1. Filter region 94-126 down to the residues that are crowded, with 19+ Cβ neighbours inside 10 Å and in contact with a His (Cβ under 7 Å, 6 or more places away or on another chain) and list them by number.
2. Would you be able to say whether some residue in region 109-121 is more than 18 Å from the chain's Cα centre (by Cα) and outside any strand (DSSP E or B)?
3. If you go through region 11-38 one residue at a time, how many are surrounded by 16 or more Cβ atoms within 10 Å (Cβ to Cβ) and of a type in the set (D, E, K, R)?
4. Which residue is nearest to residue 110 (Cα to Cα), if the candidates are limited to region 1-54 and must be in contact with a Gly (Cβ under 8 Å, 6 or more places away or on another chain) and not aromatic (Phe, Trp, Tyr)?
5. Looking at (1) surrounded by fewer than 18 Cβ atoms within 10 Å (Cβ to Cβ); (2) among the aliphatic types (A, V, I, L, M); (3) free of Cβ contacts under 8 Å to residues at least 60 places away in the same chain, find the lone condition where residue 131 falls short.
6. Working carefully through the options 89, 68, find the one that is at pLDDT 95 or above, farther than 22 Å from residue 41 by Cα and out of contact with any Ser or Thr (no Cβ under 9 Å at 6 or more places or on another chain).
7. Within region 42-52, count every residue that is surrounded by 16 or more Cβ atoms within 10 Å (Cβ to Cβ) and farther than 21 Å from residue 92 by Cβ.
Amino acid sequence: MTKNDEINEKMMQLLKERLGERVSEFMFPPPVFTTMEGEFVAVDPDAGTLTARFPVRQRDLNPYGIMQGGMIAAAVDNTIGPLGVLVAQPNVTRSLEMTYSQPVRPAMGEILVEARLVKREDRWLHFAADVRDGDGARLARAKAVHVIV
């Protein structure tokens, strides 16, 4: 069993514990995560963190030959979203704010999205995320607010 298989199994166990019989009502991992070829690489629900890896694909480049900002935001949303399900009842993105620092170039091969729960206020979940290259340099950061449905 690979490390990725172990993480996916751990996440499914956490979802079953959180959602019980309702787990079958949800698609996990989300189809869009699979379409983006995402891979979960670390999870710590007690600390409220989840890290995912996404390849920098040719089809996700903009006319300047760098990864389209919307695709970077989608990678962030595809990491924060699953984290939200692991740390709280079903919830959805209310807002997502991105700040880009450096371009994501194809030569990087992949990006890592490190998401964390910052605070919870009643039905509101506040998240932050960093997008990094393989050497750990921050390429973008994000803030998101989710609402429990």
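The values are calculated or read from the model by the stated rules, or taken from the named source; none is laboratory data. Quick caveat: nothing in here was measured; it's all calculated off a predicted structure. Counting neighbours? That spans all protein chains shown, and the Cβs are built from the backbone with ideal geometry, glycine included.
1. 125
2. No, there is no match, as no residue in region 109-121 is more than 18 Å from the chain's Cα centre (by Cα) and outside any strand (DSSP E or B).
3. 1
4. Step by step, filter region 1-54, then rank; the result is 53.
5. (1)
6. Numbers: 89 fails: at pLDDT 95 or above.
On inspection, the qualifying residue turns out to be 68.
7. First pass over region 42-52, keeping only residues surrounded by 16 or more Cβ atoms within 10 Å (Cβ to Cβ): 43, 45, 48-52.
After this cut, where a residue has to be farther than 21 Å from residue 92 by Cβ as well, the list is 51.
Residues that pass the stated criteria total 1.
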